[in-house]
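What follows draws every value from the coordinates through simple rules; no lab data is involved. Here the structure is a predicted model, which means the values were calculated and not measured. For neighbour counting, all protein chains shown are included, and Cβ atoms are generated from backbone atoms with ideal geometry for every residue, glycine included.
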Amino acid sequence: MKDTYKHKGLRKQLAEEVRSKGIKDENVLIAIENIPRHFFMDSSFVEFAYQDKPFPIGSGQTISQPYTVAFQTELLEIKKGDKVLEIGTGSGYQACVLLEMGARVYTIERIKTLFNKTKPLLEQMNYFPKMYYGDGYKGLPTFAPFDKILVTAAAPFIPEALLQQLKIGGILVIPVGVGDTQQMQKIIKVEDGVFDTKTCGYFRFVPLLNDRTL
Ligand code: SAM
């Protein structure tokens with residue numbers, strides 16, 4: 001697949017659209033402008049890659065809407081060198097946004113087919129997050145603690161393992177809820193067992209899968 005001037009122009013427009021919806025973090029907007037989203041899409045949706053919408057990526061999953069990616073990333077307050085854990089690799093687009101911003105990225109995917117598809121794609125594009133096939137509810141205890149943790153699927157509750165694997169001062173961003181929409185929560189770990197939680201509006205995500213569904 002090629003990355004043409006037309007694609008670059010469409011990306012610039014997309015970044016402006018996301019800015020106009022309220023995103024202020026310039027580094028997020030630059031990442032959106034730099035990353036060829038059409039590379040991450042299923043062939044039937046490639047022509048829509050620069051619409052601010054989610055699209056199917058197979059296995060009943062979606063690549064998130066760029067605005068949602070930007071919103072969650074902005075909440076994480078990413079700084080160069082941050083060690084970030086993402087739950088729900090999916091297409092790999094969000095992981096690449098974090099990498100473009102200078103984060104060190106660990107990402108977990110629950111569906112083997114998606115993991116097997118996304119790993120070589122990112123390698124081809126010269127993006128090298130640490131990728132794991134596994135259960136995001138458990139996090140990655142071996143590599144903890146993390147500066148930031150991002151959950152990109154709807155969590156019915158906040159997994160205790162993720163709170164434990166956050167550094168003191170670290171931020172967890174997670175959409176929580178079991179209904180049609182979920183409440184975005186930004187949780188700062190003040191000290192062990194003490195958390196400061198802010199709610200940041202409602203979004204719509206595919207559910208975080210548990211072991212029993214596979
Ligand atoms: N971040 C993705 C991207 O940039 O394309 C979009 C994520 S998609 C909305 C949610 C992803 O979470 C899906 O790929 C899904 O398979 C994955 N997922 C669901 N439950 C999971 C779990 N328990 N552990 C890890 N990944 C999970």
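In table form, for the structure just shown:
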| item | result |
| --- | --- |
| Highest-fluctuation residue, Glu74, Glu16, Glu86 considered, GNM on the chain with Cα pairs under 10 Å | Glu16 |
| Per-residue [θ]222 nm for the chain (sum of -39500 (n - 2.57) over DSSP H runs n ≥ 4, rounded to 500) | -8500 deg cm²/dmol |
| Estimated distance in nm for a label pair at Asp180 and Tyr133, the labels positioned 7 Å out from Cα along Cα-to-Cβ | 3.6 |
| Ranked packing of 171-181, 19-29, 1-11, most packed first, by mean Cβ within 10 Å | 171-181, 19-29, 1-11 |
| Placed amide H near Leu166: partners under 5 Å, 5+ positions off or other chain | Phe146 |
| Debye, to nearest 20: dipole size of the chain, +1 on Lys, Arg Cβ, -1 on Asp, Glu Cβ | 320 |
| Selected from Ile23, Ser44, Gly201, residue furthest toward positive end of dipole (the chain; charges at beta carbon) | Ser44 |
| C-alpha long axis of helix 5-20 to longest principal axis of the chain, angle in ° | 40 |
| ³J(HN,Hα), Karplus 6.51/-1.76/1.60, whole Hz, each residue of region 89-94, x for Gly, Pro | 4, x, 6, x, 4, 4 |
